[in-house]
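Working notes, structure below.
Just so you know, all these numbers are worked out from the coordinates, no wet-lab data involved. Since the model is a prediction, treat every value here as computed from it, not as a measurement. Here the Cβ positions follow ideal geometry from the backbone for every residue, glycine too, while neighbour counts run over all protein chains shown.
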Amino acid sequence: MRRVAWMTDLHLNFLPPEKASAYFDQLNQSQADLILIGGDISEAPRLILDLSDLAARVRKPVYFVLGNQDYYRSSIAGVRAQVTQLCSRLPNLTYLSVIEGVELSPGTALVGHDGWGDATLGDFEDAIKMRDERLIEELAACDRNSLADLLRRLGREAAEHIHRVLSYALQYYDNVCLLTHVPPFKEACWFEGAWADERHLPRFACGSVGTVIQDLMSMYPRKQLTVLCGHTHSPGYAQILPNVHVWTGGVDVGLPKIQRMFWVP
Ligand SMILES: [Fe+2]
Ligand SMILES: [Fe+2]
């Protein structure tokens with residue numbers, strides 16, 4: 001049995017580096033055998049420093065995806081390249097968006113991808129604006145129409161990755177854990193105690209990944225999928241199919257915490 005600690009939306013950029021280090025030391029002393037982090041770890045100018053410090057202080061395997069805010073003040077392509085290179089040097093740090101998946105136990109696999117609020121759910125014409133458009137290079141270069149195209153492309157990219165890795169995992173494992181940043185379903189898109197409305201859904205949910213999950217899990221009714229996500233900062237649980245369970249993390253920015261501990265048999 002392995003004990004897993006799941007966290008999301010740490011937003012370490014709101015903490016002085018020494019407080020982040022103290023938090024990592026505390027995490028190292030926790031009961032967890034391995035750590036999952038669901039994105040919005042920091043912001044790009046500090047992300048590599050924070051991940052390096054995390055890997056040095058938490059002497060356990062850490063599996064993570066990135067969130068939209070990890071790309072702030074830089075580009076998606078640049079941050080992904082830097083993070084991939086960092087993980088190639090640090091053996092206890094794994095970025096799930098660029099690998100096929102991991103065996104957590106003989107019966108359980110872990111897969112993941114960042115996901116993206118992909119403008120496929122809700123009303124994009126009337127959608128909220130986000131700081132992403134100012135602070136992420138690829139999005140800042142878009143007008144309103146090309147922004148919708150880019151968001152949908154980012155969602156499709158996540159969905160293609162999830163389709164590939166989840167299809168494979170379901171052939172060999174009875175249980176799969178899927179770590180992502182953006183809730184893949186409206187029903188998992190908790191926002192201030194209720195589901196996000198039509199104006200928030202385009203930026204708060206990744207419908208393309210949700211479609212892949214529903215299609216695949218319908219084909220494997222005896223297998224179980226647990227989805228762990230964040231992004232909306234509001235906690236909740238949703239059962240999408242009898243075999244699909246989705247947990248969304250609740251966050252107080254500046255106070256990183258473990259969302260859930262669970263055993264992998
Ligand atoms: Fe966040
Ligand atoms: Fe986010």
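Taken about its Cα centre, the chain carries a charge dipole of about 720 debye when Lys and Arg each add +1 at the Cβ and Asp and Glu each add -1 at the Cβ.
Pairwise Cα distances in the chain exceed 31 Å in 19 percent of cases.
Which value in deg cm²/dmol, rounded to the nearest 500, describes the helix-derived mean residue ellipticity at 222 nm for the chain, given -39,500 (n - 2.57) per DSSP H run of n ≥ 4 and division by the residue count?
Numbers: 8 runs with 94 residues, N = 265.
After summing the helix terms and dividing by the residues of the chain, the value is -11000 deg cm²/dmol.
Dipole check for the range 176-257: with +1 at the C-beta of Lys and Arg, -1 at the C-beta of Asp and Glu, and the Cα centre as origin, the magnitude is about 240 Debye.
Filter K186/K257; K129/K186; K19/K186; K129/K223; K60/K129 down to the pairs with a C-alpha to C-alpha distance above 28 Å, please. In this structure, K19/K186; K129/K223; K60/K129 exceed 28 Å between Cα atoms. Considering only alpha-carbon pairs that sit under 8 angstrom and 6 or more positions apart, the relative contact order computed for the chain is 24 percent.
Farthest towards the positive end of the charge dipole of the range 91-144, among the residues T120, I136, G107, is the Cα of G107, using unit charges on the Cβ of Lys, Arg, Asp and Glu. Beta bridges assigned by DSSP with both partners in the range 2-264 are antiparallel in approximately 35 percent of cases. Take every pair of alpha-carbon atoms less than 8 Å apart whose residues are at least six positions apart; their mean separation over the length of the range 33-110 yields a relative contact order of 32 percent.
Once divided by 2.2 N^0.38 Å, the Cα radius of gyration of the range 112-157 becomes 1.09.
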